[in-house]
Amino acid sequence: MAPVWYALLGLFFAGYLVLGGLDYGVGLLLARRGTPAAHRATLTALGPFFLGNEVWLVAAVGLLFGAFPTLEGELLSGHYPAVAGALAGVILVTVGVQLRSRVTGASARQGWERVVAAGSALAAYGWGALLAGQLQGVPQAVDGHVTGVTHLATPFVAATGLALVALVAAHGATFLTLRLPAADAPATARLARRLVTGALAAVGAATALGLLADRVRATVRQPLPAVLLVVALVGALLVARAALGRGRPGVALAATGAALALPVAVTGAALWPAALVSTVDPAATLGVADAAASGPTLRLLGWLALPLLPALLGFQAMCWWVFRGRTDGRAPVYW
């Protein structure tokens, strides 16, 4: 039963990165120079999806607390700077977007746009650092507790955090190619292609550092699935770049979304059947089954979570269907 819940946890967090990544990717693009009207159009394109995207984070955190209480305690305490930074970024983005629309002066709006851009970078980097920290192992002692957070200060963690920032930027630009008025689509598609190329370089750098890092190689339990999923991530970015060049932003958006979901799959598959691998004592490694709550608790959560996933998927499907066109009222080319 624990593997099913672990897969569900990964699904919720991957869904959050894909949908919340739209928020952060668009937010990062506000750092570019542009007219107030262009920035307003950018936020208008995101507006109908903004708050709904964050619901997936709430669902993922709730599932982590309920189904994996032991993992929750050690994962969050052992990666406190990354998690705190990511959550601070989420708050900055939400506050910045809300207050930007409530001020009148151009300088005040630019200030809040910078807050949104900074929060977007912080959130994306923090979640990337969390995945990288889990993937390279943690200093978990025999008593089961993670000691210290200095394991996050490695080149691999930094490169993975930056790679996730690059991925959300490419995802956000691809989304705008699909949503902005048709007259703006060619320029936005060119920007998205450049950002996808940058994401490819960032993913390549993070992968190379992971392959060279002794602690990453020692932590990975399933190297073949991990390598295949990384190859799939690179393939998704290549598909996105080709689709943007052919004027198929719908395909490109699906591909960048897959690229954002795959880091979660890489982490889960690489460590399986462990949830946290100890770099101090192999006996302290926390398995998925050991991290899960008791059977009765999981069964109770099943009755609560059973309607949650269809409700979330239904809400997202309805939202995307209702607001499926461009902001100028035209229908985009999806395929």
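The values are calculated or read from the model by the stated rules, or taken from the named source; none is laboratory data. Just so it is clear, the structure is predicted and the values come from calculations on it, not from any experiment. Reconstructed Cβ throughout: ideal geometry from the backbone, glycine too, with neighbour counts over all protein chains shown. When the accessible area is computed, the model is the full protein with side chains, heavy atoms only, and any ligands, DNA or RNA have been set aside. Shrake-Rupley method; radii C 1.70, N 1.55, O 1.52, S 1.80 Å.
Taking the stated definitions as given, is Val146 at pLDDT below 90, in contact with a Gly (Cβ under 6 Å, 6 or more places away or on another chain), open to solvent by less than 10 Å² (accessible area, probe 1.4 Å) and within 19 Å of Ala275 (Cβ to Cβ)? When the stated conditions are applied, Val146 does not pass them.
Of all residues in region 207-222, those satisfying the criterion of being assigned to a helix (DSSP H, G or I) and closer than 18 Å to Ala269 by Cα are Thr207, Gly210, Leu211, Arg215, Val216, Arg217, Ala218, Thr219. Here Asp290 does not qualify as farther than 30 Å from Ala185 by Cβ and either open to solvent by less than 50 Å² (accessible area, probe 1.4 Å) or at pLDDT 95 or above (or both). Considering only residues in region 240-263 that are among the aliphatic types (A, V, I, L, M) and more than 25 Å from Ala132 (Cα to Cα), the one that is surrounded by the fewest Cβ atoms within 10 Å (Cβ to Cβ) turns out to be Ala242.
Only one of the numbered conditions (1) open to solvent by 20 Å² or more (accessible area, probe 1.4 Å); (2) part of a helix (DSSP H, G or I); (3) out of contact with any Ser or Thr (no Cβ under 9 Å at 6 or more places or on another chain) is not met by Arg33, and that is (2). The residue list Leu176, Leu164, Leu224, Leu229 contains one member that is out of contact with any Pro (no Cβ under 8 Å at 6 or more places or on another chain) and closer than 22 Å to Ala82 by Cβ, which is Leu229. When Thr94 is tested against (1) open to solvent by less than 60 Å² (accessible area, probe 1.4 Å); (2) out of contact with any helix residue (DSSP H, G or I) (no Cβ under 8 Å at 6 or more places or on another chain); (3) among the hydroxyl-bearing types (Ser, Thr, Tyr), only condition (2) is not met.
If you go through region 172-199 and pick out every residue that is part of a helix (DSSP H, G or I) and open to solvent by less than 40 Å² (accessible area, probe 1.4 Å), you end up with 17. Just the residues that are touching a Ser or Thr at 6+ places or on another chain (Cβ under 8 Å), open to solvent by less than 10 Å² (accessible area, probe 1.4 Å) and in a helix (DSSP H, G or I), please, taken from region 120-143. Residues satisfying the conditions are Gly128, Ala129, Ala132. Taking region 269-284 as the range and being open to solvent by 20 Å² or more (accessible area, probe 1.4 Å), at pLDDT 85 or above and not aromatic (Phe, Trp, Tyr) as the test, the residues that pass are Ala269, Pro273. Taken across region 103-120, residues that are touching a residue at least 40 places away in the same chain (Cβ under 8 Å), under 15 Å from the mean Cα position of the chain (by Cα) and within 30 Å of Leu271 (Cβ to Cβ) do occur, with at least one present. Taken residue by residue, region 181-200 has at least one member that is at pLDDT below 95, closer than 23 Å to Leu19 by Cα and of a type in the set (Asp, Glu).
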